[in-house]
Structures are given as C-alpha cells and as structure tokens.
Amino acid sequence: MTTVFIVAPTPALRAGLQAMLTGEGIEVIGMAPAPSLSSLADVVLVAGDDPGAAARAIAGEEGAAVVALSDDARLPGLLRTLPLPGWAMVAPDASPEELRAAVNAAAQGMVALPRAMVEHLAGPRVATEPPVEPLTARETEVLALLSEGLPNKQIALRLQISEHTVKFHIASIFAKLGAASRTEAVSIGARQGLITL
C-alpha cells in the first residue's frame with residue numbers, strides 16, 4: 001500500500017485530488033495547505049502556485065517522494081537537484097489513471113514526466129542511423145586520429161599524406177556524418193561504432 005499526503009492550497013482542490021487518488025494500492029493519510037507532517041507518507045502530492053517551494057521543504061525532511069501537479073517546464077530542473085527518493089510531474093489536467101501511475105512510479109524511486117515534457121527537455125531527436133554513404137578506410141583512419149585531438153598537420157604526418165588531403169577527408173567525413181565540427185564528427189562516429197574512444 002502506497003501512502004500519500006496531499007499538499008494543496010484549497011480544501012476543494014485537496015478533496016478533488018483525494019477522490020482522483022482513491023483506488024487500489026493507494027491510501028491518502030493526510031491533507032494540508034503546507035507540507036507539515038508530510039514526511040510520514042511514501043509520496044507527497046503537491047499542487048498550487050509554487051510546487052517547487054513545497055518540494056524543497058519536503059526534501060529537507062527526507063524519506064518522501066514528490067509528485068508535482070504542474071506544467072512548469074523549469075520544475076524538473078529543480079526536482080532533479082533535490083535529495084528525493086523519487087519524483088514525478090503530472091499536468092494539472094491529468095486523468096486519475098495518470099495521477100495514480102505517477103504516484104506509484106515516484107513511490108518506487110523512479111522519475112516520471114509527461115511525454116510532451118520529456119520531448120521538450122530532450123530536445124530534437126538525433127538520427128542514429130548509419131551514414132547514407134559509408135566512410136572509406138582512409139576516412140575512418142582520419143576520424144580515429146581526430147578523436148585523439150590531433151591537428152591536420154599531425155594527421156598528415158601520421159598517415160604520410162598532404163595537409164590538403166587531410167582537409168579533403170575531413171570535409172568528406174563531415175558531409176557523410178552530417179557533422180558541423182570535429183567534436184560532433186567524433187561523437188557521431190563513436191555512437192555509430194565507427195571508432196572507439
């Protein structure tokens with residue numbers, strides 16, 4: 001049984017959240033406008049204008065996980081820095097099923113966020129498919145030397161080719177991997193298994 005303490009500013013909001021949480025495996029053991037005595041619960045559900053302040057107060061008590069009813073995109077950054085055993089965010093218009101799932105996840109020591117927020121935090125998806133045109137053996141050698149941080153002159157000496165040829169190979173690597181810099185080319189190459197760091 002997961003025990004929950006509800007922190008919300010108004011009696012109506014607290015009662016509404018309690019009704020949403022009522023179900024198998026969850027028991028609401030208390031409600032208040034502030035997080036007093038909330039550390040007795042497995043999970044504290046916080047709602048209101050400043051869930052971050054309530055989460056900070058709860059983190060100081062130790063023990064309870066936090067579920068924040070909020071769509072503030074800055075809140076995950078704060079929650080991530082707090083010494084909480086688990087935490088979750090749920091949109092204010094979440095369904096009872098979503099709210100209960102977030103409570104159960106946080107109680108198990110997990111982090112749960114709405115899909116839209118995860119995609120926002122993660123940024124654009126990065127393609128991890130192999131390059132359309134594979135690197136030649138020489139380009140792979142050049143990429144490996146780039147990963148060692150060598151300048152063009154050193155790469156040219158190591159491979160016994162001209163600096164101009166090194167520049168040509170690097171331009172070709174950038175084009176094939178879709179990279180804009182040496183660092184990005186090395187990172188993409190490592191992710192695709194072309195080189196080992």
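The values are calculated or read from the model by the stated rules, or taken from the named source; none is laboratory data. The structure presented is a predicted model; accordingly, all values stated were derived computationally and were not measured. Don't worry about glycine lacking a Cβ; one is built from the backbone with ideal geometry, like all the others, and counts go over all protein chains shown.
Tabulated values for the structure
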item	result
Helices (runs of 4 or more DSSP H) (entirely within the stretch 69-171) containing at least 3 residues that are outside the structural domain of GLY25 (by TED's automatic domain parsing) and at pLDDT 90 or above	137-147, 152-159
Among the residues listed as GLY30, GLY86, GLY52, GLY63, the single one being more than 27 Å from ARG115 (Cβ to Cβ), of a type outside the set (Lys, Arg) and in contact with a helix residue (DSSP H, G or I) (Cβ under 6 Å, 6 or more places away or on another chain)	GLY63
Among residues of the stretch 5-21, those that are within 12 Å of ALA101 (Cα to Cα) and β-branched (Val, Ile, Thr), counted	0
Leading residue by the ranking (surrounded by the most Cβ atoms within 10 Å (Cβ to Cβ)) among those in the stretch 152-181 that are under 26 Å from the mean Cα position of the chain (by Cα) and in contact (Cβ under 8 Å) with a residue 12 or more places away in the chain	LEU177
